[in-house]
Amino acid sequence: MERIPTDEYFLKIAAVVAERSTCRRRKIGAVAVRDKQILSTGYNGAPAGMKDCLELGCLRDENNIPSGKMHEVCRAIHAEQNAIIQGCLHGISLEGATLYCTHTPCVLCAKMLINAKIKRCVSFREYSEDTFIKLFKETGTEFDVLKKPGSKINFLD
């Protein structure tokens, strides 16, 4: 049996992290990695201690707000933001790390990833906007949109 490539491995982990999401629209997960070691993870959902959309309903759906618009009308913190916050809370710098995320970033997350000095961003789904591309190119932040990893987990029994 072959080993799966590193990028596929961490994208699969990001997909599992996304399962914790409390968003009714999209389940997004992120994993910050440096030197093949996981530094932090994040998924999209309400701030800690607050009621979430699974319990209260989606503000964006209630107001007919399309994806990628008016980010401020949402209870959730994005997966990329939570990965950065978790690093900060635990005193872990993400400088030079790769962020594996189920989706490409929105413009706000792209700016945060740039300031966190993430060197590369890898995704397998595209978000509803692509403004991040210009920012990443201008700052030299590498990015790749790869094939969705398989959902099967191969065990040796």
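The values are calculated or read from the model by the stated rules, or taken from the named source; none is laboratory data. These numbers come from a predicted model, not from an experiment. When we count neighbours, we look across all protein chains shown, and the Cβ atoms used for this are built from the backbone with ideal geometry, even at glycine. What goes into the accessible areas is simple: the full protein's heavy atoms, side chains included, and nothing from ligands, DNA or RNA. Shrake-Rupley method; radii C 1.70, N 1.55, O 1.52, S 1.80 Å.
Under 5 Å between amide hydrogens, which residues at least 5 positions from ARG125 or on another chain qualify, with H placed 1.01 Å from N in the peptide plane?
HIS103, THR104
Using a 1.4 Å probe on the protein heavy atoms, what percent of the accessible area of the range 79-125 belongs to carbon and sulfur? Don't jump to the answer; show the numbers that get you there.
On the way: 1010 of 1860 Å².
The computed percentage sits at 54.
Counting only other residues whose beta carbon sits under 11 Å from that of ALA18, what net charge do I get with K and R as +1, D and E as -1?
On the way: positive: LYS12, ARG20, ARG26, LYS27, ARG125; negative: GLU19.
Value of the local net charge: +4.
Roughly how many percent of the accessible protein surface of the range 19-62 is carbon and sulfur, given a 1.4 Å probe and a whole-percent answer? Intermediate results must be reported in sequence, preceding the final value.
Numbers: 1260 of 2630 Å².
On the range 19-62, the fraction of accessible area on carbon and sulfur atoms equals 48 percent.
Indicate, rounded to the nearest 5 percent, the antiparallel portion of the DSSP beta bridges found entirely in the chain.
On the way: 11 of 20 bridges.
Antiparallel: roughly 55 percent of the beta bridges in the chain.
Given the pairs LYS69/LYS152; LYS12/LYS36; LYS27/LYS137; LYS12/LYS119; LYS27/LYS147, which span a C-alpha to C-alpha distance of over 25 angstrom in this model? Walk me through the numbers on the way to the answer.
Numbers: LYS69/LYS152 34 Å; LYS12/LYS36 14 Å; LYS27/LYS137 27 Å; LYS12/LYS119 20 Å; LYS27/LYS147 18 Å.
Listed pairs above 25 Å: LYS69/LYS152; LYS27/LYS137.
Might you tell me the accessible area per residue for the range 28-157, computed with a 1.4 Å probe and given in Å²?
Working: 7530 Å² over 130 residues.
Accessible area per residue: 58 Å².
Provide the net charge surrounding PRO149, with neighbours chosen by a C-beta distance below 12 Å and charges set as Lys +1, Arg +1, Asp -1, Glu -1. The partial results should precede the final answer.
Working: positive: LYS12, ARG125, LYS147, LYS148, LYS152; negative: ASP7, GLU8.
Every neighbour counted, the sum reads +3.
Taking θ as phi - 60°, what are the ³J(HN,Hα) couplings along the range 32-44 by the Karplus curve (6.51, -1.76, 1.60), each to the nearest whole Hz, with x for Gly and Pro?
8, 9, 9, 6, 6, 10, 6, 9, 6, 9, x, 9, 7
Which of the peptides 145-155, 105-115 is most tightly packed, and how do the rest follow, going by the mean number of other Cβ atoms within 10 Å of each residue? Each step should come with its number before you reach the end.
Details: 145-155: 10.4, 105-115: 20.5.
Ranked from most to least packed, the peptides come out as 105-115, 145-155.
How much net charge surrounds LYS119 when only other residues with a Cβ under 15 Å from its Cβ are counted (Lys, Arg +1; Asp, Glu -1)?
Values: positive: ARG34, LYS36, LYS117, ARG120, LYS137; negative: ASP7, ASP35, GLU80, GLU95, GLU138, GLU142, ASP144.
Once positives and negatives cancel, what remains is -2.
Starting from the Cα-Cα distance between GLU62 and PHE155, subtract it from 0.36 nm times their residue separation and give me the gain in nm to one decimal. Let's see the in-between values first.
Values: separation 93, 0.36 × 93 = 33.48 nm, distance 4.30 nm.
Here the segment from GLU62 to PHE155 would lengthen by 29.2 nm.
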